[in-house]
Amino acid sequence: MVEIEFEDKIKNLKLNKSKLIVDLMVDLKISPEAYVCILNGNVVTENEIVTEKDKIKFARVWSGG
Amino acid sequence: MVVDCFCGEKAVYAENKPLCKFHFSKWLNDFVNERLDKHLKETEVIAVAVSGGKDSTALLDFTNKWAIKNKKKLFAISIDEGIKGYKEYTLNFLRNFCKDNKIKLYIHSFKKETGKTLDELVNIRDTQNFSEKACTICGIFRRYFLNKYARERGATKILFAHNRDDEVQTFIMNLFVGNLPQMTIKGELGGIINHSKFVTRLKPLINIPEKALAIYSLLNYPNLPDTECPYLNESIRSMSRNFINELEKRKKGAKKNILEVYLKEILPTLKKNSKLIHSNIKECAECNEPSSKNKCNFCELICRFFV
């Protein structure tokens, strides 16, 4: 299971095999333009690979108004 | 397809080429310093408009370091609009940031200046069935106080943290509403510059993608509050943001291309032919602040909401 945090909600997703974050974002309909990826607490690019037991957070790019 | 920085470290940012935390921060610092060198060498007193959000915090941080190195006077200026459940968090962060970095911070509130918070003004709007959006009221008041108090404290330039996405969104928004005059006073060095009461506006981050600033703030300001203005859904900015993000998704480089065409091709022509820039800016009959009309937008709003 991969733990995914997005817009203050956490959900777990079963991954059959490791996957590029950018492909995961496409599946989840999350725009890479609008979110920063934080994989296991570290800021990474969408070109990193996510695997089972990883924790990934998508942090919103814009803030304020 | 994991792509690392040229130094071998893991990349944190990869718009053009992959960069690790160190090289990404160096790239951003070098870029902003180059813009500050270009525009602030002759400026003795610098004001930085800050909200306590990621962009203005980064801008204040970069500019403060630059000002210390170049022996310039700098102060931060912020406006407390009076938005419950939002502004108190960002202002609290800002106060601590300025204290830690020994930066003089001035905060002016709508409540103290006009007797009403933005929340109260929005309430008046709703009961009176006025059509102004919260962002319109907020924008007019904020620009008015920032210019007035930056000038009164001796600043000859005021820095704003508008990033590339902001500028493209504003361009698209002005297209949506057909506001050509507003477009003419945008750009890196903006505002109306032919009046002594207008402080020239500088936007050194105008070529920096919002995502780069978000990454920089996540890496450097972990305590920055992640709050959202409750009036966000009233603005057409969010519509514009979604629109250009969708464009970028379909056509990589769209934002960069729009900004380049706007800054290099459209803006110079607009500035050359602008009635707003070349007209004689008057002083408002009510408050003596500069205005293109007999009564400035601020005083017009005050009359509507306070009578």
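Remarks
- A simple count of charges around B:LYS84, restricted to other residues whose Cβ falls under 15 Å of its Cβ and scoring Lys, Arg +1 and Asp, Glu -1, yields -3.
- Cα centroid separation - region B:1-40 against region A:18-56, whole Å: 20
- Look at the dipole of region B:36-306 built from charges on Cβ: of B:ILE172, B:PHE198, B:VAL45, the Cα furthest out on the positive end belongs to B:VAL45.
- Along the axis of the charge dipole computed for the protein assembly as shown (Cβ charges of +1 for Lys and Arg, -1 for Asp and Glu, origin at the Cα centre), the listed residues B:GLN182, B:PRO225, B:PRO290 are led at the positive end by B:PRO290.
- Charge tally around B:ASN101: other residues with Cβ under 13 Å, Lys/Arg +1 each, Asp/Glu -1 each, net +3.
- Loop-located GluC sites (Glu not before Pro) in region B:14-92, at most 12 other Cβ atoms within 10 Å (DSSP): B:GLU42, B:GLU44
- Cα centroid separation - region B:73-87 against region B:139-181, whole Å: 15
- Chain A, dipole about Cα centre (Lys/Arg Cβ +1, Asp/Glu Cβ -1), debye to the nearest 20: 180
- Degrees between helix B:54-69 axis and first principal axis of chain B (Cα, 0 to 90, nearest 10): 80
- Normalised by the number of residues in chain B, the average gap of Cα pairs under 8 Å and 6 or more apart makes the relative contact order 18 percent.
- Peptides B:183-190, A:8-15 ranked from most to least packed give B:183-190, A:8-15, packing being the mean of other C-beta atoms within 10 angstrom over each peptide's residues.
- Relative packing of B:255-266, B:137-148, B:206-217, which averages over residues the other C-beta atoms within 10 Å, highest first: B:206-217, B:137-148, B:255-266
- Chain B: radius of gyration and largest Cα-Cα distance (Dmax), Å: 19.7, 65
- Globularity index of the protein assembly as shown is 1.03 (Cα radius of gyration / 2.2 N^0.38 Å, N = number of residues).
- Projecting the alpha carbon convex hull of chain A along each direction and taking the average yields 4.3 nm².
- Nearest 10 degrees, 0 to 90: helix B:21-40 Cα axis against chain B principal axis: 40
- Using only alpha-carbon positions in region B:1-119, the gyration tensor eigenvalues give semi-axes of 32, 20, 11 Å once each is multiplied by 5 and square-rooted (largest first).
- Restricting region A:28-58 to trypsin sites (Lys or Arg not before Pro) that sit in a DSSP loop and have at most 15 other Cβ atoms within 10 Å of their own Cβ leaves A:LYS29, A:LYS53.
- Ordered from longest to shortest, the equivalent ellipsoid semi-axes for region B:167-307 are 30, 21, 16 Å, each the square root of 5 times a Cα gyration tensor eigenvalue.
- For the pair A:VAL26 and B:GLU286, label points projected 7 Å from Cα toward Cβ lie 5.5 nm apart.
The numbers here are math on the coordinates, done by the rules we state, and not lab data. Since we're looking at a predicted model, the values are computed, not measured. Reconstructed Cβ throughout: ideal geometry from the backbone, glycine too, with neighbour counts over all protein chains shown.
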